[in-house]
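Just so you know, all these numbers are worked out from the coordinates, no wet-lab data involved. Since we're looking at a predicted model, the values are computed, not measured. Cβ: placed from backbone, ideal geometry, glycine included. Neighbour counts: every protein chain shown.
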Amino acid sequence: MSYNFIQRVSNLADINFSNIRKLANEELNHLSKFEKDRLWGKLDRGVALLDTHELLCQYLCSFGNMHQAKLLDAFKYLPKELIHQPFEIIDWGCGQAMGTINLFDFLQTTSSINQVKKVTLIEPSAVALNRAVDLVACYQKKYD
């Protein structure tokens, strides 16, 4: 399922966090309310290490909007001189790279997306890290 999810992301006409989150929600449509509630409980209020495709999708659905709002609010305070010159992103505890992909979305609005020269993703969950790498690659493919 995870490979299929990344294929769907890479085929998006408009790749952005909101559309990725919508796809994640669609990935869970086949589950009953009971199964979704059980997944939500396994998130442990957002601090659990995520180790399945379904948990990654549930996390995006459950906490994605909150993270996006906080990130976009913070990004508007970035010094303009910082994002208008080449820079590197280091996303520590990246999970599925929500911070990085929301930054990419923000940089699109400032025409600074091509200033990102390197992305380093650090995450203890191998499943989440693989998803993060794949999502960042989808963005990189779009902007190369």
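Computed values, structure above
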| quantity | calculated |
| --- | --- |
| Among Leu31, Leu39, Leu71, residue whose mean-square fluctuation peaks in a GNM of the chain (springs only between Cα atoms under 10 Å) | Leu31 |
| Expected 222 nm ellipticity per residue - DSSP helices of 4 or more, -39500 (n - 2.57), all of the chain, to 500 | -19000 deg cm²/dmol |
| q = 0.11, 0.16 Å⁻¹, the chain: log10 I(q)/I(0) [Debye, one scatterer per Cα] | -0.40, -0.84 |
| Centroid-to-centroid separation of region 84-127 and region 1-51 [C-alpha atoms, Å] | 20 Å |
| Using a Förster distance of 22 Å, the FRET efficiency for Asp44-Asn4 (Cβ separation, nearest 0.05) | 0.25 |
| Whole-number percent relative contact order across region 2-143, with pairs defined as alpha carbons under 8 Å at least 6 apart | 26 percent |
| Least to most buried among Lys142, Lys117 (fewest other Cβ within 10 Å first) | Lys117, Lys142 |
